[in-house]
Amino acid sequence: MNIRLFFNRFFPPACLLCSGRSTRALCAGCHADLPWHRQPHCPQCATPTPDGQRCGDCLKHPPAFDRTHAALAYAFPLDRMIPRLKYHSQLAIAPALGACLAESVTAAPRPDRLIAMPLHAARIRERGFNHASEIARTVGKQLGLPLDLESCRRTRDTPPQMGLKHDARRRNVRGAFDCSGDVRGLRIALVDDVMTTGTSLDELALTLKRAGASEVSCWVVARTLPPAG
């Protein structure tokens, strides 16, 4: 009996959310109860729109990325799971999030490669890993897509975007990325955990477009949504 079968037999896998027995990271019930992002939304930035057409912001100020696929809304339990992954090193969460993202983009046009949102080297030394890369590994494995971890890097250790207004977020990440790889003519999908205003993804997409990428999509686990009402 190999080690995995031994542990599965005597220590059955448990759902990350309810701790019930499950052969997957999330049991069928918890998986179904996730806040899937299925309402009509802007195809470019994934913010909800009444008719599924491009939103006013994307019409007035078109981002550098061409489309966005968001698996889930950033609501409970994602607002607990993602911080546990990023700030408490609970790496078992990353494959579960990656599987949800892979499931949500099965019908999307296939890119030539995936690029995970880069972290600055100082942030990686602090955390020990890049959460976006860990999510992207599962997406690439499940969809048979190459993951490029070398072409792009974050050149400045920018302060966290949380709490900043839109214009401040844009200034914060301006010129923060570099692309040294050959991406000319390629269709790229950027993988990240959460899209809020999309300014970081927009800046990275702009960097890739300037380096010759023909198309850049955003594949994100969760999208923050405007308050209801």
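Values computed for the structure shown
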item: Residue within the range 123-146 that is charged (D, E, K, R) and within 19 Å of ARG223 (Cβ to Cβ) present; result: no
item: Checklist (1) assigned to a helix (DSSP H, G or I); (2) at pLDDT below 95; (3) aliphatic (A, V, I, L, M) applied to LEU206, failing item; result: (2)
item: Criterion: small (Gly, Ala, Ser) and without any contact (Cβ under 8 Å) to a residue 12 or more places away in the chain - qualifying residue of ALA107, ALA64, ALA75, ALA99; result: ALA107
item: The range 175-196, residues that are part of a loop (DSSP other than H, G, I, E, B) and either within 17 Å of GLN44 (Cα to Cα) or not assigned by TED's automatic domain parsing to the domain that holds CYS100 (or both); result: THR196
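The values are calculated or read from the model by the stated rules, or taken from the named source; none is laboratory data. Predicted model only: the values in this text are computed from it and were never measured. For neighbour counting, all protein chains shown are included, and Cβ atoms are generated from backbone atoms with ideal geometry for every residue, glycine included.
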